[in-house]
Every structure is written in structure tokens, then in C-alpha cells.
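Colleague: The structure that follows is given in the form of C-alpha cells.
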Amino acid sequence: MDTDYKYEPKNGLTRWLDSRLPLMRFTSEHVLQFPTPKNLNYFWTFGFILTMCLVTQIITGIILAMHYAPSTLLAFDSVEHIMRNVNYGWLIRYIHSNGASMFFLAVFIHMFRGLYYGSYKEPREVIWILGCIIYLLMIVTAFMGYVLPWGQMSFWGATVIINLVGTLPLIGESLTQMLLGGFAVDNPTLNRFFSLHYLLPFIIFGVVLLHIWALHVPGNNNPVGLSVQGKQDTVAFHPYYTVKDFFAYTVFLLLFCYFIFYNPNALGHADNYIEADAMVTPAHIVPEWYLLPFYAILRAVPDKLAGVLLMFGAIAVLFFLPWLDTAKVRSGRYRPIFRYFYVLFVIDCLILGYLGAQVPEGIYLFLSRVTTIYYFAFFLLVLPILGRIEKMKPMPIGISNSELSRDMVAAE
Ligand code: HEM
């Protein structure tokens with residue numbers, strides 16, 4: 001996006017630096033003065049919130065790694081040691097474990113925002129695809145992190161998922177061996193999971209930089225979905241959106257603090273406070289809440305391989321979203337029928353999450369099949385067809401008079 005604003009160094013020192021490393025120019029033109037649509041709502045604060053979540057996870061993770069011992073003999077006890085002996089170890093651990101949940105909560109809101117306002121549509125396809133890569137990396141990182149405390153759910157969750165990978169044709173067997181480092185989940189598995197769990201957040205960080213870089217080429221989408229037509233449609237990122245982002249982050253922190261200080265184990269599973277035991281299988285093996293929708297899809301079909309393919313397919317389909325949705329209009333605000341299907345899709349994902357925690361029998365199994373069908377139908381049938389036949393609502397002429405036109409439409 002072209003910015004009319006050009007940075008001018010104010011004194012000798014900044015002039016000297018600017019001709020050698022234009023760091024201030026970059027910060028000024030691409031962050032502080034970046035022209036941002038003036039009609040962004042609070043859903044647009046989640047990109048910033050997510051960045052803060054990532055930084056928090058990295059900092060607390062590094063501190064935890066100073067006290068954690070990645071060995072099957074010591075891992076469980078080292079986590080208890082962090083909780084009881086390390087100064088504020090309990091706080092660091094609760095921030096990190098609940099932080100993962102908050103990170104996923106924020107990413108879900110961020111993704112559903114993009115889906116509603118058509119932020120993945122041309123020219124923002126690459127931003128969306130990089131987002132999908134980040135999401136995939138987040139899932140892998142969280143899954144590996146959950147294995148580290150070496151509780152019962154850590155061990156059995158890893159066993160179930162790694163065995164499923166084994167069903168994949170061609171790559172399944174070698175991939176399983178690579179993940180396990182042996183014939184079952186054991187010390188080598190824990191070691192490589194620890195190493196990868198430490199590495200992946202930095203890779204995520206790199207992809208986030210690309211994500212934001214790609215965002216800064218066309219600039220932000222906005223609630224009306226119309227492109228910026230001139231200076232009248234934008235404001236400088238600072239102070240307008242820095243203040244708004246920090247306010248939203250503070251509110252988000254209140255919820256985060258509620259979990260850390262009042263209910264730190266609410267989102268976890270009690271069985272993970274029992275040390276891993278290969279001879280005792282827990283009654284129900286369930287992943288963390290943010291993976292439950294995919295777990296429900298996995299178990300919706302009786303065939304193991306079909307389940308695994310569907311589960312991966314549920315994420316893969318997201319990558320093709322920019323081309324599956326054929327509507328010319330971006331924002332869901334002007335798509336009256338899409339809105340119904342969208343709300344149904346959000347409810348569908350919530351139900352899938354609920355079903356992922358139930359035993360796949362009877363009504364639960366039936367419902368998980370229905371909701372899985374709708375999940376895929378939304379992307380593969382509804383979006384391609386609806387975009388061609390739906391009659392859009394009257395659109396505003398531009399961003400600056402969008403609110404005015406909305407009132408006019410309401411008055412009609
Ligand atoms: C670590 C995770 C992530 C971080 C730190 C991050 C960061 C950001 C930031 C700072 C923005 C600009 C502000 C905003 O629109 O909220 C943004 C925009 C965007 N993100 Fe993400 N993001 C992440 C994950 C994702 C994921 C998983 C997706 C989708 C699969 C996604 C899709 C998008 C899209 C489409 C936009 C453009 C929105 C617009 O133009 O208005 N992001 N992201």
C-alpha cells in the first residue's frame with residue numbers, strides 16, 4: 001500500500017542512522033504512520049493480541065525450559081518442581097499452559113473474523129494462506145507441548161495420534177518411526193518433542209513476520225470490505241489503533257488472569273496430574289479443548305485411514321478458501337444468505353468441539369457425522385454455489401460514508 005507520508009529525520013543523529021540503517025524510517029512509515037482504514041472494529045484488534053500471545057508463550061517457555069528435564073524419568077517430577085520450588089514457577093507454568101488456550105481462543109476469533117469479512121479474498125490470499133500455515137504450526141506445537149509434562153494424557157494422547165499417522169499410505173510408517181524414535185512413545189519421543197516444541201514457536205514468529213509483511217502490501221481489509229479510495233478513508237496506525245489495540249489487549253488479559261489466578265486447571269485434564277504409565281490406559285483419551293473439533297471429525301467415520309484423511313482435509317480445505325468462495329463482495333454484511341450459513345457454520349464448529357469430548361457412540365456419533373458433513377459442505381458446496389446466486393444487499397459508495405449509507409438502507 002502506498003503511503004503519502006515520508007519520514008524526515010529530525011536531527012543529525014537520526015539523519016546519520018537513516019542513511020546507514022533506515023530503522024526509524026521503517027518503523028515510522030510501516031507501523032506508526034501506516035494508513036489504516038478508519039472503520040476497523042474490535043475484531044481487528046486480535047492480530048495484535050495474537051502477537052502478544054506468541055511473545056508471552058516464547059518468554060514463559062524459555063523460562064520453563066531452564067527448569068524442565070526432557071527425560072521420561074524426570075519430566076513429570078521436574079514439572080512438579082517448577083510448581084513447588086522454583087520462584088513463581090507456578091505462575092510461569094500457569095501463564096504458559098493457559099496461554100496456549102488463550103492463544104487458540106484469539107486465533108479462532110481472528111479466523112472467524114476473516115471468514116465473515118472476506119479478508120481472504122483477492123488481493124489478500126497470501127495473508128490468509130500464511131495464516132493457515134501458522135495455524136497448522138500452532139496445532140503441532142501445542143500437541144507436542146502437551147506431551148512434555150509426561151502425564152497420563154500426554155502419553156496416551158501422543159500414542160493415539162502417532163498411531164494414526166501410521167495409517168497414512170506411503171509416508172505413514174517412516175513418519176511414525178521418525179516421530180517415535182523407536183517402537184513406542186518413550187524417551188526418544190519426549191526428547192524430539194521437546195526439541196521441536198522449542199523450535200517451532202520461532203518458526204511461527206518468522207511466518208508471522210511474512211503474514212504482516214503480506215498484509216502491508218494491500219493494507220487492511222475492513223468491515224465494509226471496500227478498498228481504501230484515498231486519504232479520507234484512513235487514519236495513522238498510531239495513536240488511533242495502538243490505543244485501541246492496547247485497550248482490547250487489557251480486556252483480554254482480564255479473562256486470561258481469571259484463568260491463571262482463579263481457575264488454572266479448568267481447561268486442562270485431571271489425568272495429566274498422574275504420571276504417564278504405559279500399563280494403564282485412561283478411561284477416555286481426549287485432547288485439549290482447542291483440538292476437539294478435529295478429534296470429532298477423526299472419529300466420525302468408522303475407518304481409521306478415512307478418519308485421518310478427513311481430519312487433515314478439514315485443515316487443508318482452509319488453504320483453498322480464497323478460491324472456493326466465489327462471491328465478488330467481501331463483507332458478510334452485504335450477503336444476507338451467507339450470514340445464515342456462516343452462523344450455522346460457527347454453531348457447527350462449537351458442536352463439533354463438544355462432540356470431540358464425548359464417547360463416539362449412539363447420538364454423539366450420529367451428530368458428529370452430521371456436523372462433519374456440514375463442515376465440508378460449507379466450504380465445498382455452500383461457498384462456491386452461493387457466491388454465484390446470492391443477491392447482495394445495497395453497498396455503500398465508500399468507507400467514509402459507509403455508516404451513512406447503512407442508515408439510509410435501514411430507513412428504506
Ligand atoms: C500467531 C498467529 C497470528 C498472528 C500473530 C497474526 C497477526 C496478524 C496481524 C497483526 C494482523 C493485522 C491486524 C488484524 O487484522 O487483526 C493480521 C491480519 C490477518 N490475519 Fe493474522 N495472525 C495470526 C494468525 C492468523 C491465522 C491462523 C489466519 C487464518 C488462517 C490469519 C489470517 C489473517 C488475515 C486474512 C488477515 C488480514 C485481515 C485484514 O486485512 O483485515 N491470521 N494477522
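Colleague: What shape does region 223-275 take by its C-alpha gyration tensor, where a ≥ b ≥ c are the square roots of the eigenvalues and a/c under 1.5 counts as rounded, a/b above b/c as prolate, and the rest as oblate? Don't skip to the answer; put the middle values down first.
Modeller: Working: a/c = 5.50, a/b = 2.88, b/c = 1.91.
Verdict is prolate for region 223-275.
Colleague: Another one. Summing Lys, Arg as +1 and Asp, Glu as -1, what charge do residues with Cβ under 14 Å from the Cβ of THR141 carry, THR141 excluded? Display every interim value, and only then the final one.
Modeller: Numbers: positive: ARG192; negative: GLU288.
With Lys, Arg at +1 and Asp, Glu at -1, the neighbours total 0.
Colleague: Specify the angular offset, from 0 to 90 degrees and rounded to the nearest 10, of the alpha carbon long axis of helix 336-356 from the longest principal axis of the alpha carbons in the chain.
Modeller: Approximately 20 degrees, to the nearest ten.
Colleague: Here's another thing I want to ask about it. How do the peptides 109-119, 373-383 rank, highest first, by the average count of neighbouring beta carbon atoms within 10 Å per residue?
Modeller: On the way: 109-119: 20.2, 373-383: 17.4.
Result, highest mean Cβ count within 10 Å first: 109-119, 373-383.
Colleague: Next up: Using the Cα gyration tensor of region 1-129, with a ≥ b ≥ c the square roots of its eigenvalues, what is the shape: rounded (a/c below 1.5), prolate (a/b larger than b/c) or oblate (neither)?
Modeller: Details: a/c = 3.25, a/b = 1.58, b/c = 2.06.
Here region 1-129 falls in the oblate category.
Colleague: Sticking with this structure for a sec: Write down the Å³ per residue value for the convex hull defined by the alpha carbon atoms of region 93-133. Please report the intermediate quantities before stating the final value.
Modeller: On the way: hull volume 2.3 nm³, N = 41.
Expressed per residue, the convex hull around the Cα atoms of region 93-133 is 55 Å³.
Colleague: For the chain, with every protein chain kept in place, what is the accessible area per residue (1.4 Å probe, Å²)? Walk me through the numbers before you get to the answer.
Modeller: Details: 21080 Å² over 412 residues.
Accessible surface, normalised per residue, equals 51 Å².
Colleague: What do you get for the angle between helix 75-84 and the principal long axis of the chain? Use alpha-carbon atoms, 0 to 90 degrees, nearest ten.
Modeller: 60 degrees
Colleague: Explain nothing, just the number: dipole magnitude of region 30-285 about its Cα centre with +1 on each Lys and Arg Cβ and -1 on each Asp and Glu Cβ, in debye rounded to the nearest 20. Walk me through the numbers before you get to the answer.
Modeller: Details: 9 positive and 11 negative charges, 172 e Å.
So the magnitude is around 820 debye.
Colleague: So, in Å, what gap is there between the alpha-carbon centers of region 344-404 and region 216-242?
Modeller: Between the Cα centre of region 344-404 and that of region 216-242, the gap is 28 Å.
Colleague: Another one. Select from LEU179, LEU23, LEU73 the residue whose mean-square fluctuation is largest in a Gaussian network model of the chain (Cα-Cα springs shorter than 10 Å).
Modeller: Among LEU179, LEU23, LEU73, the largest mean-square fluctuation in the Gaussian network model of the chain belongs to LEU23.
Colleague: Here's another thing I want to ask about it. Between THR242, TYR262, TYR295, whose Cα lies farthest towards the positive end of the dipole of the chain when Lys and Arg beta carbons carry +1 and Asp and Glu beta carbons carry -1, centred on the Cα centre?
Modeller: THR242
Colleague: Leaving out ligands, DNA and RNA, what percent of the accessible area of the chain is carbon and sulfur, probe 1.4 Å?
Modeller: Of all accessible area on the chain, carbon and sulfur atoms account for 70 percent.
Colleague: Local charge sum around LEU190 (other residues, Cβ-Cβ under 15 Å, Lys/Arg +1, Asp/Glu -1)?
Modeller: Values: positive: ARG192; negative: ASP77, ASP186, GLU275, ASP277.
After counting each charged neighbour, the total is -3.
Colleague: Okay, next question. List the lysines whose Cα lies under 26 Å from the Cα of LYS121, skipping any in the same chain that are fewer than 8 positions away.
Modeller: Leaving aside lysines fewer than 8 places away in the same chain, those within reach of LYS121 are LYS38, LYS231, LYS244, LYS328, LYS391, LYS393.
Colleague: Follow-up question, since we're still on this one. May I ask for the angle, rounded to the nearest 10°, between helix 125-147 and the longest principal axis of the chain, with both axes built from Cα atoms and the value confined to 0 to 90°?
Modeller: Tilt of helix 125-147: around 20 degrees.
Colleague: Something else: Can you give me the pair-distance distribution of region 290-385, C-alpha pairs, 5 Å bins, whole percents?
Modeller: The distribution over region 290-385 is 3, 14, 23, 24, 17, 11, 6, 3, 0, given as percents.
Colleague: OK, next. Which net charge results for the neighbourhood of TRP323, defined as the other residues with beta-carbon distances under 12 angstrom from its beta-carbon, given Lys and Arg at +1 and Asp and Glu at -1? Display every interim value, and only then the final one.
Modeller: Working: positive: LYS121; negative: GLU122, GLU125, ASP325.
Taking every other residue near TRP323 into account, the sum is -2.
Colleague: Taking the Cα centre of each part, how many Å lie between region 134-175 and region 11-53?
Modeller: So the two Cα centres are separated by 38 Å.
Colleague: Here is a follow-up. Of ILE139, VAL126, ILE59, which is farthest towards the positive pole of region 30-285's charge dipole, taken about the Cα centre with +1 and -1 on the beta-carbons of Lys, Arg and Asp, Glu respectively?
Modeller: The Cα lying farthest towards the positive end belongs to VAL126.
Colleague: Quick one: grab Rg to one decimal and Dmax as a whole number for the chain, Cα atoms only, in Å.
Modeller: Every Cα atom of the chain included, Rg and Dmax give 23.6, 75 Å.
Colleague: Let me ask you something else. Using Cα springs under 10 Å in a Gaussian network model of the chain, which residue among LEU196, LEU318, LEU21 shows the largest mean-square fluctuation?
Modeller: Checking each option, the largest mean-square fluctuation is seen for LEU21.
Colleague: Only Cα pairs within less than 10 Å get springs; with that Gaussian network setup on the chain, which residue of THR189, THR60, THR281 has the largest fluctuation?
Modeller: THR281
The values are calculated or read from the model by the stated rules, or taken from the named source; none is laboratory data. Note that the coordinates shown come from a computational prediction; the quantities given were computed from them, not determined experimentally. No Cβ is skipped: glycine too gets one built from the backbone with ideal geometry, and neighbour counts run over all protein chains shown. Ligands, DNA and RNA are stripped out before the accessible areas are found, and what is left, the full protein with its side chains, is counted by its heavy atoms. Shrake-Rupley method; radii C 1.70, N 1.55, O 1.52, S 1.80 Å.
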